[in-house]
Structure formats: structure tokens, C-alpha cells
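S.K.: Here it is, the structure in full.
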């Protein structure tokens, strides 16, 4: 059973509750730009699953049926508890290696880019996990775990991790000894030298205590969130690909063949010496740390929020009808959603080419709607819905990309 679709409405409600709580307590942890970017990354991650084949489940089914050395009994509570422990143990090592090895960090880095820490951060998920994540969970199926049990445990495990992404819940007494809590997960998201690469557990903190990666949150060291080499961009595509791009660039240009091969399997942040000199990466000065925060007017922030809400309706419609849409239409729906997120990112970054991106989006989507209707891929009802969505979406973006609006600045983009 997949618990995530049932949990999403609760997630969104709790984000609003946390936002209101922060306002009332004078400790708001949200900014419009960061929160919209996190939600956009979550939406993009879900969108990619509509079109990319789930390699993992295909491999898992084959292993369970042909190579399983044991068999979990779904009628046994003990087997379910054993399955949860096994999954959480494998998750610990998957998560740890995703921090310690460059190839896996390239995908996982998305979840750590936010310089804020709130419940929306939990929804900031990678779109490239389908490439490698499944490899770590093969032992579940070698032991004969049924797909239903695996999906139930994996999605419940993911749902559990949502609530620990908050700054409003203090330490929880004896629970800190064996459970993942907001306190020890705040440590995990911090880039302070004392905290970095600690507390990898997803459900239980006992694995970190056993394998020497546990670190308690200290009252003397306030967590500074984000990654050591700041992304400084709200572009969701670049956020997913920037580490991969750097790896390809380094492997292509470095002189030593040994280094070309080593780039892929290297420890995180290792780079060939010649490439580190040629393309140095600036590290954040934590003593003078400032969040990436291009200032925009309240009007633009309101239009961006409305754009995301409108896009969410389009997203839920496409997800609901994914099995009914032809493959070309499904790809067009995915590309349309991805493109608008890029335009929104350019607006939030105050990029001067945001207007040109919107002109191109309008041309492409109009062409796709007309072409799909002309060859019979799109019914007249869906054509009307598509035109209505495009008109409303374009109106909201136009509010943002007018030159006089893009030039307006404010002191902050805090949701306060």
C-alpha cells in the first residue's frame, strides 16, 4: 500500500499550521522563494515518476520470484517488524553513502539545498533517485519480501520523516535515544563543521549510535542549514543536475586518466587537482553566512504563490489521468509542468531572461495544444481546459515579468 497520496493533503495542512504557529510565536521559519522552490522540487520529483520506468520495482519482482532465499509472511506481525528493521538498516547505509560518495550525493543533494528548515523542506525531493536508489534495497527481495510489504514499509517510512523537519519541536527526552526526532534531524541538515554528515537514520537513531555517526544538537551551536557550496539559484532543473554537470565537466577536462575514472566513485567534494584549480568552488563563510534571498515585491510573491497553486491543480489532474493519457500527451504534460517551474525559478532569481522564457513557453504550449487537437490526441473538452489553464498561467507570469515589476525590490521575502 502506498501511503504517500493519502498523506499529501495532511502534509500541506501541517505546513499551513506550522506557518501560522511561527507567525503567532514571532519565529517564522518560512520564506516565499525557498518554500515555493522546495514545493516545486517535490512536484517535479512526482512528475518524473509519471514517465520514467520504475526500474527498481521490475528488478525487485524478478529477484523475489527467482532468487529469494526466504519468504516474508505478510500475515505475521513479527515479519512486518523484521521488515521495518531491515528496511531502516538499509536506509541508513543508503543515506550515509549518499553523503559520502559523489555519484549518490549528486542525486541526494537536492534535499539539503534549502537554507531554511521547515516542513516544506521535507517535500524537497530529488528527481533522479530512480537511477540508483533501488540498488540498496535488493537485500529485501533476496530475503523474499513481497512488493506489497516493501511499498507499505517504504512509504510509511517516508511519511514518518515529514514531521522531523521543523524547528518548533524541542528535544523529546528519552525518544532522543532511539528514534529520529526533529532535534537530531536538524543536526543532519546543518552545514556546521560540528554537525556535517551526522545522524543518517530514517526511523531509528540507533544505527548512528552503533556506527559512530551520531551527534547531539547543542544549545551552543545553532544549526546553519544548506550546503557548503551554495547553489544560489531557484532553478529546479539546475538544482537536480548541478553536481552531475560538475562531475562530467571534471571527468572530461582533467588530464589524468586515473582521475577521469575516479570522479564517478570519489568521496564527496573530492576533485582532480587541476580541475579544482581551474574551476574553484567557493565555500560558504559560516561566520558571515547570509541566505540566498533576491528581493522581490509582495505583488510578485503573491503571483508566484498563485501560479504554484494553479500548477498544483494541473499536476493533480495529470497524475489522476496518467493511465488514460497517451504517451505523447503524458510527456507534454510533464514538460509543461517542468517548464513553468523553470520560469518561476527565473522570476524568483530576478533573471532578465524570464520574459523570454515565458514567450517561448507560450509559443510551445500553444503549438502543442493546437497540434494535439489537430491530430486527435486531445478532445475538445481537454483543449478548452488547456487553453483556460494557459491563459490564467500566462496572466500570472505576466504580473511577474513586467520590467517595472522585476525592478521592484523589498527588504525581505519572508512570509511574515
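The values are calculated or read from the model by the stated rules, or taken from the named source; none is laboratory data. Everything numeric in this text was worked out from a predicted model, so none of it was measured. Methodologically, a virtual Cβ is constructed for each residue, glycine included, from the backbone with ideal geometry; neighbour enumeration extends over all protein chains shown.
S.K.: Suppose we keep only residues that are without any contact (Cβ under 8 Å) to a residue 24 or more places away in the chain and not in a helix (DSSP H, G or I) within segment 344-362. Which one would you say is nearest to residue 34 (Cα to Cα)?
M.R.: Checking each candidate, the answer is 351.
S.K.: Next question. Report yes if some residue within segment 280-302 is touching a helix residue (DSSP H, G or I) at 6+ places or on another chain (Cβ under 8 Å), within 30 Å of residue 105 (Cβ to Cβ), part of a helix (DSSP H, G or I) and touching a residue at least 40 places away in the same chain (Cβ under 8 Å); otherwise report no.
M.R.: Looking through segment 280-302, none of the residues is touching a helix residue (DSSP H, G or I) at 6+ places or on another chain (Cβ under 8 Å), within 30 Å of residue 105 (Cβ to Cβ), part of a helix (DSSP H, G or I) and touching a residue at least 40 places away in the same chain (Cβ under 8 Å).
S.K.: Something else about it: Going residue by residue through segment 276-296, is there one that turns out to be buried (at least 18 other Cβ atoms within 10 Å of the Cβ), more than 23 Å from the chain's Cα centre (by Cα) and under 24 Å from residue 190 (Cα atoms)?
M.R.: No, because not a single residue in segment 276-296 is buried (at least 18 other Cβ atoms within 10 Å of the Cβ), more than 23 Å from the chain's Cα centre (by Cα) and under 24 Å from residue 190 (Cα atoms).
S.K.: Additional query: Taking only segment 363-381 into account, find how many residues are assigned to a helix (DSSP H, G or I) and either in the same structural domain as residue 126 (by TED's automatic domain parsing) or in contact with a helix residue (DSSP H, G or I) (Cβ under 6 Å, 6 or more places away or on another chain) (or both). Let's see the steps before the verdict.
M.R.: The initial filter retains those residues of segment 363-381 that are assigned to a helix (DSSP H, G or I), namely 363-374, 380-381.
Adding the requirement that they be either in the same structural domain as residue 126 (by TED's automatic domain parsing) or in contact with a helix residue (DSSP H, G or I) (Cβ under 6 Å, 6 or more places away or on another chain) (or both) leaves 365, 368-369, 373.
Within segment 363-381, residues that are assigned to a helix (DSSP H, G or I) and either in the same structural domain as residue 126 (by TED's automatic domain parsing) or in contact with a helix residue (DSSP H, G or I) (Cβ under 6 Å, 6 or more places away or on another chain) (or both) number 4.
S.K.: Sticking with this structure for a sec: Please determine whether any residue of segment 303-313 is surrounded by 15 or more Cβ atoms within 10 Å (Cβ to Cβ), assigned to a loop (DSSP other than H, G, I, E, B) and in contact with a helix residue (DSSP H, G or I) (Cβ under 8 Å, 6 or more places away or on another chain).
M.R.: No, the conditions are met nowhere in segment 303-313.
S.K.: Report the residue count in segment 96-112 for those that are within 15 Å of residue 208 (Cβ to Cβ) and either out of contact with any helix residue (DSSP H, G or I) (no Cβ under 6 Å at 6 or more places or on another chain) or in contact (Cβ under 8 Å) with a residue 40 or more places away in the chain (or both). Outline the logic, then answer.
M.R.: Taking segment 96-112 and keeping what is within 15 Å of residue 208 (Cβ to Cβ), we get 96-100.
Next, from what is left, pick out any that are either out of contact with any helix residue (DSSP H, G or I) (no Cβ under 6 Å at 6 or more places or on another chain) or in contact (Cβ under 8 Å) with a residue 40 or more places away in the chain (or both): 96, 99-100.
So the count comes out to 3.
So that you can scan it fast, the table gives a plain yes or no per residue for (1) buried (at least 17 other Cβ atoms within 10 Å of the Cβ); (2) modelled with pLDDT of 95 or more:
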residue	(1), (2)
5	no, no
18	yes, yes
30	yes, yes
55	no, no
59	no, no
81	no, yes
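S.K.: Just the residues that are in contact with a helix residue (DSSP H, G or I) (Cβ under 7 Å, 6 or more places away or on another chain) and not in a loop (DSSP other than H, G, I, E, B), please, taken from segment 241-266. Let's see the steps before the verdict.
M.R.: Narrowing segment 241-266 to residues in contact with a helix residue (DSSP H, G or I) (Cβ under 7 Å, 6 or more places away or on another chain): 243-244, 247, 250-251, 253-255, 260, 263-266.
Scanning segment 241-266 gives 243, 244, 247, 250, 251, 253, 260, 263, 264, 265.
Let's see how each residue does on (1) at pLDDT 95 or above; (2) part of a helix (DSSP H, G or I); (3) crowded, with 21+ Cβ neighbours inside 10 Å:
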| residue | (1), (2), (3) |
| --- | --- |
| 169 | yes, no, no |
| 176 | yes, yes, no |
| 185 | yes, yes, yes |
| 188 | yes, yes, yes |
| 200 | yes, no, yes |
| 207 | yes, yes, yes |
| 210 | yes, yes, no |
| 215 | yes, no, no |
| 219 | no, no, no |
